[in-house]
Structure formats: C-alpha cells, structure tokens
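Structure record follows, encoded as structure tokens.
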Amino acid sequence: MELDRRGRYEPDTAMADLLDAAQARATEAGAGMWAPDACGVASDADVFIEFIRYDADGIDNLNLNDEWVVIKNNSPGAVDLSGWTLKDESASHRFAFPVGFILAAAGSVSVHTGCGDDTAADLFWCETRSAVWNNSGDTGFLLDPSGNIIDSYRYG
C-alpha cells in the first residue's frame, strides 16, 4: 500500500474529499468525537500527579515499593477516586483506584508499584512481574472514570 500525495492510502480514496470536509465541519462544530464531552463530562476535581519516583534504590524489579507516584488533591473538598485510573505510556500498566477510595481535600496518596496493605496514604499496584516506570523516561496519566485524561506527568 502506498500513500498518495495527500497522505491517503490507495485505492480507498474515492470519498476522501467528502470525508475530509465532514471531519472539518464536525471539528469546527465540536460534534461527535470532537465534542468536549465525547468521553463523558470530565471531572472538575483539581487532582493531579505531583511526582513520579521512577528509579527505585538498587535493582528496580527487586524493590518495587520504592517506585511510586504521588497523587495530590487541590480541590476544596474530598474526591472519590472510584473508577479513576493511573497508567504509563504502555498498554499493559494500569492501576485502578479501589472502589470507595476517598482522597481528602489537600491530601495526597502514594501509589506504589509493588504489593502491600492499602491505607489512606499508600496504595499498592501489586505489579509483581516488573517495575512500571521506565528509568529512561515515561509519562504517567491520570484518568477519570469516563476515561478523560485529567493530568499527565512526563519525565526523562
């Protein structure tokens, strides 16, 4: 398959101009997947990734709880993080916040890669195969229950 001069793949280009125009109209109107609420209304909570400790002391894969992410709540009230997700750039590393987990106003929680007993200040991903965060660089994403990216944190 080869790209034509407009970056389209032949032979399926007969309707390309019509589709491009429809996409431009939808984008301009904020319709369909270009609507601000296409993934549901984004949470208005002021919750963000404050820090990622990506390089644990020693061998990362043998010290998983020394690799962690701090999630901070700057909202005036507590935020229920049920259904929220923390993930890295890969498709395989996703942490789901426990149902009923409440992050206090002005509070923070550390999400450790390894296993342990969850508390109000520390949650555990319980990833046992390997470290999650790449020492050479990665991005953490915080998603609300609708899948909207509420915050991202890039390092490296």
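The values are calculated or read from the model by the stated rules, or taken from the named source; none is laboratory data. Predicted model, so just to flag it, every value in this text is computed and none were measured. No Cβ is skipped: glycine too gets one built from the backbone with ideal geometry, and neighbour counts run over all protein chains shown. Only protein heavy atoms, including side chains, enter the accessible area calculation; ligands, DNA and RNA are left aside. Shrake-Rupley method; radii C 1.70, N 1.55, O 1.52, S 1.80 Å.
Table for the structure above
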quantity: Residue-normalised accessible area of the chain, given per residue in Å² at a 1.4 Å probe; calculated: 58
quantity: Unit charges on C-beta of K, R, D, E only; dipole of the chain, Debye; calculated: 200
quantity: Net lengthening on full extension, Asn134/Ala29 (0.36 nm per residue, minus Cα-Cα); calculated: 33.9 nm
quantity: Mean ellipticity per residue at 222 nm, deg cm²/dmol - from DSSP H runs of n ≥ 4 across the chain, formula -39500 (n - 2.57); calculated: -3000 deg cm²/dmol
quantity: Cα centre as origin, Lys/Arg/Asp/Glu Cβ charges: segment 66-120 dipole, Debye; calculated: 200
quantity: Estimated FRET transfer efficiency (Leu62, Ala21; beta-carbon r; R0 35 Å; 0.05); calculated: 0.05
quantity: Which labelled figure in (i) 33, 18, 16; (ii) 37, 22, 12; (iii) 27, 19, 12 is semi-axes √(5λ) of the Cα gyration tensor in Å, once derived from the coordinates; calculated: (ii)
quantity: Largest-first ordering by accessible area, 1.4 Å probe, given options Trp68, Trp84, Trp34, Trp125; calculated: Trp34, Trp68, Trp125, Trp84
quantity: Where GluC sites (Glu not before Pro) fall in DSSP loop in segment 44-147, at most 15 other Cβ within 10 Å; calculated: Glu89
quantity: Accessible area of the chain belonging to carbon and sulfur atoms, whole % at 1.4 Å probe; calculated: 53
quantity: 10 Å Cβ shell holding at most 16 others, DSSP loop, trypsin sites (Lys or Arg not before Pro): longest site-free stretch of the chain; calculated: 9-128
quantity: Alpha-carbon centroids, segment 49-71 and segment 73-88: separation in whole Å; calculated: 20
